[in-house]
Amino acid sequence: MVLQPGQSDEDGQAIADDLMRKLEINPADLIDVAYIDLLDLQARSG
């Protein structure tokens, strides 16, 4: 997401948390790397 001028990191986290709640995304389902990095890893190992 892109924060507007004047919004803090905490504001961004609150927005992300609210969106996850609305979309019923469990924090345990999150990954700690970018999707493109997963694709790159798969390409290198495949």
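Values in this text are rule-based calculations from the coordinates and carry no lab data. The model shown is predicted, which means the values in this text are computed figures rather than measured ones. Every residue, glycine among them, receives a Cβ derived from its backbone with ideal geometry; neighbour counts consider all protein chains shown.
Structural remarks
- The residues in the chain that are of a type in the set (Phe, Trp, Tyr) and more than 12 Å from the chain's Cα centre (by Cα) can be counted, and the count is 0.
- Residue selection: Ala14 fails the criterion of being in a helix (DSSP H, G or I) and either touching a His at 6+ places or on another chain (Cβ under 9 Å) or surrounded by fewer than 11 Cβ atoms within 10 Å (Cβ to Cβ) (or both).
- Every residue from the range 17-40 that is surrounded by 10 or more Cβ atoms within 10 Å (Cβ to Cβ) and of a type outside the set (D, E, K, R): Leu19, Met20, Ile25, Leu38, Leu39
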